[in-house]
1. For region 308-418, what's the relative contact order in percent, using C-alpha pairs closer than 8 Å and at least 6 residues apart?
2. Could you give me the ³J(HN,Hα) list for region 328-342, computed from phi with Karplus coefficients 6.51, -1.76, 1.60 and θ = phi - 60°, whole Hz, x at Gly and Pro?
3. Among the lysines, which fall within straight-line cross-link reach of LYS456, defined as a Cα-Cα distance under 17 Å, with same-chain neighbours fewer than 8 residues apart omitted?
4. Taking square-rooted eigenvalues a ≥ b ≥ c of the alpha carbon gyration tensor, is region 462-549 rounded, prolate or oblate, where a/c under 1.5 means rounded and, failing that, a/b exceeding b/c means prolate?
5. Kirkwood Rh over Cα pairs of region 466-517 into Stokes-Einstein at 20 °C, 1.002 mPa s: D in µm²/s?
6. From the phi of every residue in region 632-648, what ³J(HN,Hα) in whole Hz does the Karplus formula 6.51 cos²θ - 1.76 cosθ + 1.60 yield, where θ is phi - 60° and glycine or proline is x?
7. Give the Rg (one decimal place) followed by the Dmax (whole number) of region 2-647, computed from C-alpha coordinates and expressed in Å.
8. For the chain, what is the relative contact order in percent, using Cα pairs closer than 8 Å and at least 6 residues apart in sequence?
Amino acid sequence: MKHRYRATQRVAYVVVPALLAAGGVLADTQETELAPITVSAHGGLAVPYDQTGVSVEVVDLQQMKQEGIYTVSEALTTLPGVYVLPGGGANQKGNTSQIVIRGMSADGYTTTMIDGMRLGSNGGDTIITSNVLGRTDIFSLGNLEVLKGSQGAMFGGGAVGGVVFMETPEGEGDPSLTLFNEVGSNNAYTGNVATQGRVDNLAWFLSMGYSRTDNDVQTADGRRSHHRNAFESEIWNEALRLDYHADKDNQLTLTYRREDSEYGYDSMDPMWPTYNNYRFRSNLLTAKWQTKISEQWRSYVMAGFYTFDAKLADGYLQDMRNMQLEWRNNYQWCKHQSTTTAISWNRNDYDCLSGGTTDNQYKNLENVLGFAAEHSITPTEQWDNTLAARLDHSNIHDALVSIRAASTYRFNEEKTRVYGSLGTGYRAPSSFQRSNSEFVSPYGKYTGNPQLDCEKSISADIGIEHALTDNHLLSLTLFWEQRSNAIGTVWDNTTQSSRYVNMPGHWTILGTEIALRGTLEPHWNTGYSVSWTYVQPKTSDDRQIPSSVRQVWQADLHTSPVEGLTTGIGVSAAVGRSHYNTTPYSKLDNYYNLRLYAQYQVNEHLTLHMAIENLTNQKYVTEGHYADPNSSFISAGTTLHAGCTITF
């Protein structure tokens, strides 16, 4: 496929964010044959973006850095159809960030994957996903994608609302070293050192980072915490990737990622005063061997090990160990047909201790054996179709089947593309939720239920992309999703605890995504993007789904008036927000956030950058209180960040 593009423009015809992330700088308008922009929407195997009917967004990591956005959760807020509750609702850097994709509530319905390793359990795990999104920086990533809708057919349980797919980048080019430093309001600091390169058959990438902030949390009635370290965050992280190219057909990849973090949390609730110093530690180790067995047959074997430890309060500890083995094959039968198969084994061992006693301890051990297959058919050069199915067998639930079908068609000299998909997914209850055991957490007493069934979902979408000109792309997507057998809790007077049950009825979500992006002036390298997402997230009794939002606006405009200088303005807004419960105070106020940013490249070694967040000093609610609106947390107001990047 031929594409037209301009120097460093943000979008050209299809997803140029991935091209920019690769660091290409091109001059003048010209027509050329480009390597296809690939996505991982098909289980980790790269597929050209315009040949998949699956709804997937690729984050332009280079543009995010230019805008002063350095965390995954902040970057995801720039995507159509994606809403993030930063800080777990507290809107503070360093705390958890819960993702809502197309109105699907944040409570564990998104699967998070890094370097091919699924981090949570087969039933989804809120604390894993929210911690990863809130604390992972983009300096250590080469790829960040969001798959929308039910994606169980290729990614297994937990992918009810979507998948966040991340990868550590492969080193390339001559050896280089980059130093990043930035300071800001609320005693904030972000630092990162990264080196990468390739010598002969060996490539490496190493990133080490540290960030901290005091944050500035206050309640709606003006109260602040009296604890010295309340809402203070510190994060240390490292990411390493080594690639050995034995020859052009065989490659060994090793990755290691580690994170240590602390966060001070104060409820600031006069009726329930709590202060806890949260501590988190995670380690991820993966190994993958890719080989080209023949001209038609490609295969890879992957092994991964992930650990996650958390201390949420005195005597309240969480510990998780994940192991994953996977063998994936792709066979090209002919020019128009190919098949991908996968066999995987996931072992999730989760322990939790409450009150510092073994009486309040439970284990969640799950083993899942999965079999997946996807067949691709391309009847013509412009029409691509895929059909996928997956069978998962677990020790805590019966065998479950997930399916996905997708199709895309390009016409009008490939300036227009229509696409659509249909998929199913599920979220399994944990072994504790399906037991008769009781568990006491800092937030109450819970009782399991052996009769629990798996939550199930089905989603469908249809969309169109059209290149208005070579430099302007318009897209429109309509989507629908429904979830049944939702696992919730009801109060049990007999046990004086909250008992897990499958809630009656269903959640139904209807919505629209509209996005326009492109470039305005090639000489000033002016680019823009704007998107609007409208969602109707309803329960079967006509209430708004908890932790959802009805409308989200995103816009950005950046330009380079002089060589080396890039300035821009961005805005985000949310309308019709709901909190995690259904009390009268669950509705949150509307808000908008205006930001300015600038970057100036002094020379090839030094770049200066700055950003102003919440320029109009909006004081909107970020975490509603379950009973008292005056105790709700509000935003920190205007903040300023500035620093420099040095490259050798």
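Any read-out appearing in this document is the output of simple, stated calculations on the displayed coordinates, not a laboratory observation. Every value quoted in this text rests on a predicted model; they were computed, and no experiment measured them. Using ideal geometry, Cβ is built from the backbone for each residue, glycine included, and neighbour counts are taken over all protein chains shown.
1. Working: 242 pairs, mean separation 20.7, N = 111.
19 percent.
2. Coupling constants for region 328-342: 10, 9, 10, 10, 8, 5, 7, 4, 10, 9, 8, 10, 10, 10, 8 Hz.
3. Here the lysines satisfying the reach criterion relative to LYS456 are LYS148, LYS538.
4. Here region 462-549 falls in the prolate category.
5. The diffusion coefficient I find is 145 µm²/s.
6. 5, 7, 10, 5, 7, x, 5, 9, 10, 9, 8, x, 8, 10, 10, 10, 10
7. So, for region 2-647, Rg and Dmax equal 23.8, 74 Å respectively.
8. Taking the mean separation of contacting Cα pairs over the length of the chain, I get 12 percent.
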